[in-house]
Amino acid sequence: MKLSSWEALKQYREDTKDEVSLLNPESTKIILAVGEATCGIAAGSKKIAAVLQEESKKMGLDNVEIIPTGCYGCCYAEPMVEVRIPGQAPVHYGYVNEEAAKKIIAEHIVKGIIVDKNVLRVEVTST
Amino acid sequence: MSVSQVRIALRNCGVINPENIKDYIARGGYDAMAKCLFAMSQDEVIDIIKKSGLRGRGGAGFPTGIKWETARRAQSDVKYVLCNADEGDPGAFMDRSVLEGDPHAVLEAMAICGYAIGAREGVIYVRAEYPLAVKRLQIAIEQATELGLFGENILGSGFSFTMRLYFGAGAFVCGEETSLMNSVQGGRGEPRLKPPFPANVGLWNKPTNINNVETYANVPTIIRNGADWYRGFGTEKSPGTKVFAVVGKVNKVGLVEVPMGTTLRDIIEGIAGGIPNGKRFKAAQTGGPSGGCIPAEHLDTPIDYESLIALGSMMGSGGMIVMDEDDCMVGIAKFYLTFTAEESCGKCTPCRVGNMRLLETLTRITDGHGVEEDLTSLENLGATIKDTALCGLGQSSPNPILSTLHYFKDEYLAHVREHRCPAGTCQKLVRYRITDKCVGCTVCARNCPVSCISGDRKQKHSIDQSRCIKCGVCFSKCRFGAIVKG
């Protein structure tokens, strides 16, 4: 499909807003964004993404989507996972190993309890 | 100490899915391009970039708007937009992260530039060593072309722009713009004299605008939010933000984007979490092989293009290597010279031969054969190379030596006068000594591969320096901290 005008681009943005992986308060979709830049992959994030996928399947969660993102700048804390639950502030997790990944699904996603040990606080003003 | 980062170039990195154009569009993507095509004239686009004060993030800090304007004024039927993604400084990975995390930002900016200067084709010169960046760029170009955001008659505006990738084969000199263009044309990666500048005589001898990845990544937000908004960050002469790759002896290795004018202390001790293991900060190396080392007494300097040059270093592309008391500054200078001597393309004599001579002198010093006159010869030869080399590589390659000589002369003097390495890292100069803490456990003597340690049980041992091979086994085996090196 080719967009033929600026209006068409804006319309496309509107039409696809449920398909994007950004935090969307109107959606029911939970996004798990895994840092998959070179730094994340080197630290093992592909494996972590697979674990998250497997665990959410085990728990029967069908509204969880796992997506790759780039580098959030915290290469020291890779693998990183950002949890985006509609209506809640996003949570960044760092140093996520398999055990932590399982906990994120079992505790944060299922029970709503944040896995404190792995929470990463980064002060960033986004533009 | 709490310093907040401001993310402009990295605004989408770690936020969007870089392999899904819908994410980028949802964040306002391609609106800046559409705004230019439908609501702004070519001159208005250039004007806003000029007013924003955006300067080249590849190192030298040339005003981007003026570059674009020169290319716009150049008369030609064909023009090109080039993106320099040949990031080669040791320890720097800002551009890789932008391309891996937000490839569309760079593509959109290149199309904006194409519109502004009157070009129809964009070329990204990206290192083949960045396979993930290449893959994500390819996906991004494909998805954007499919939506009609590149190609013929973009969004029905009548403007056409196509994009292609060119892979660099890993020569550092190809980050220099004229070498880069030679390389794209299939020639040897060798620089040529400037002027003429690429804006007039560039790729295939046509007017070409070439900017670095991070420079382009700033452009769409400037178009969307305006020049005054952008000027709200940073300093008067260096507006906006800069991304640094902070590596080395810091607790939090990674990317940091801060407004220009932030101090080194805020970055290193604040955002990067300081030096590990309670060690003391010694120096920060900025600007890669073209830059220099900034010592502790200048930690509070607000960073911008001018202040770093005044300190004998430079902004460079944004690599920042932090060193602590265990790092030998002569060794650091030698590390960079080894790199530049190897990467010199060989076209001009000062760089090809001069850097080799500098490296030989440094090696003599770190091997313990240096004399005090060597320091004067380093200074003189370094200054000559800077004055006479053909391109930026040679003109800046002596900087690591000159800046360390300036700030850390005592370390050089210790090497040439006493043949001693104060940091204890120059292997041939290291001397292991056993102190009074020795309890005579004999572990060192039993582990020494050349049996040069002697002493009775429960008596202090000693090392025969003439036979010691400086392997460091005794140092690492001693459980009482009785062996020191230096």
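Overview of results
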item: For the pair B and A, total buried accessible area rounded to nearest 100 Å², probe 1.4 Å; result: 3500
item: Excluding exposed DSSP-loop GluC sites (Glu not before Pro) (at most 15 other C-beta within 10 Å), longest clean stretch of chain A; result: A:27-122
item: Accessible carbon and sulfur surface of the protein assembly as shown relative to its total accessible area, %, 1.4 Å; result: 50
item: Shape parameters for the range B:241-324, alpha-carbon atoms, Rg then Dmax in Å; result: 11.2, 33
item: Which listed pairs, of B:Lys67/B:Lys194; B:Lys282/B:Lys437; A:Lys102/B:Lys22, have C-alpha distances above 18 Å, in listed order; result: B:Lys282/B:Lys437; A:Lys102/B:Lys22
item: Calculated from backbone phi, Karplus (6.51, -1.76, 1.60) coupling profile of the range A:44-49 in Hz, x at Gly/Pro; result: x, 5, 4, 5, 5, 4
item: Dipole of chain B, positive end: most advanced residue of B:Asn84, B:Met40, B:Ser97 [Cβ charges, Cα centre]; result: B:Ser97
item: Lys/Arg +1, Asp/Glu -1 at C-beta; the range B:371-486 dipole; positive extreme among B:His415, B:Pro400, B:Gly472; result: B:Gly472
item: The range B:343-349 - phi-based ³J(HN,Hα) in whole Hz, Karplus 6.51/-1.76/1.60, Gly and Pro as x; result: 8, 4, 6, x, 6, 10, 5
item: For the range A:3-47 and the range B:422-486, distance of Cα centres in Å; result: 59
item: Descending semi-axes in whole angstrom, ellipsoid equivalent of the range B:131-209, from the Cα gyration tensor; result: 28, 18, 8
item: Cut-off under 5 Å, modelled amide H: who pairs with B:Gly170 long-range; result: B:Ala128
item: Area of B:Arg120 that stays accessible when all protein chains are in place (1.4 Å probe, Å², to 10); result: 140
item: Subset of A:Lys46/B:Lys237; B:Lys428/B:Lys477; B:Lys334/B:Lys458; B:Lys79/B:Lys252; B:Lys237/B:Lys347 violating a 32 Å alpha-carbon distance limit; result: A:Lys46/B:Lys237; B:Lys334/B:Lys458; B:Lys79/B:Lys252; B:Lys237/B:Lys347
item: Check: the protein assembly as shown dipole with +1 on Lys, Arg Cβ and -1 on Asp, Glu Cβ, in debye; result: 1580
item: Accessible area per residue in Å² at 1.4 Å probe, computed on the protein assembly as shown; result: 40
item: Given A:Lys47/B:Lys135; A:Lys2/B:Lys35; B:Lys135/B:Lys242; B:Lys51/B:Lys206; B:Lys460/B:Lys485; B:Lys242/B:Lys279, the pairs whose alpha carbons are separated by over 23 Å; result: B:Lys135/B:Lys242; B:Lys51/B:Lys206; B:Lys242/B:Lys279
item: Given charges at beta-carbon only (K, R positive; D, E negative), |dipole| of the range A:3-49 in Debye; result: 300
item: Enclosed volume per residue, in Å³, of the convex hull spanned by Cα atoms of the protein assembly as shown; result: 168
item: Point-charge dipole on Cβ atoms (K/R +1, D/E -1) for chain B, about Cα centre, debye to 20; result: 1380
item: Using θ = phi - 60° and Karplus 6.51 cos²θ - 1.76 cosθ + 1.60, couplings along the range B:212-218 (whole Hz; Gly, Pro as x); result: 7, 3, 5, 4, 4, 4, 7
item: Rounded FRET efficiency, nearest 0.05, which uses the C-beta distance separating B:Lys237 from B:Ser41 and R0 of 25 Å; result: 0.35
item: Selection from B:Gly368, B:Thr384, A:Ser126, by position along the positive dipole direction of the protein assembly as shown (Cβ); result: B:Gly368
item: Mean separation of Cα contacts under 8 Å, 6 or more apart, over the residue count of chain B: relative contact order %; result: 14
item: For the range B:430-485, convex hull volume per residue from C-alpha positions, Å³; result: 64
item: Sparsely packed GluC sites (Glu not before Pro) within the range B:326-411, loop by DSSP, other Cβ within 10 Å at most 14; result: B:Glu372
item: For the range A:24-122, fraction of C-alpha pairs farther apart than 25 Å, in %; result: 9
item: Reciprocal of mean inverse Cα separation for the range B:329-417 (Kirkwood radius, Å); result: 12.6
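The values are calculated or read from the model by the stated rules, or taken from the named source; none is laboratory data. From a predicted model like this one, the values you see are computed outputs, not experimental measurements. No Cβ is skipped: glycine too gets one built from the backbone with ideal geometry, and neighbour counts run over all protein chains shown. Only protein heavy atoms, including side chains, enter the accessible area calculation; ligands, DNA and RNA are left aside. Shrake-Rupley method; radii C 1.70, N 1.55, O 1.52, S 1.80 Å.
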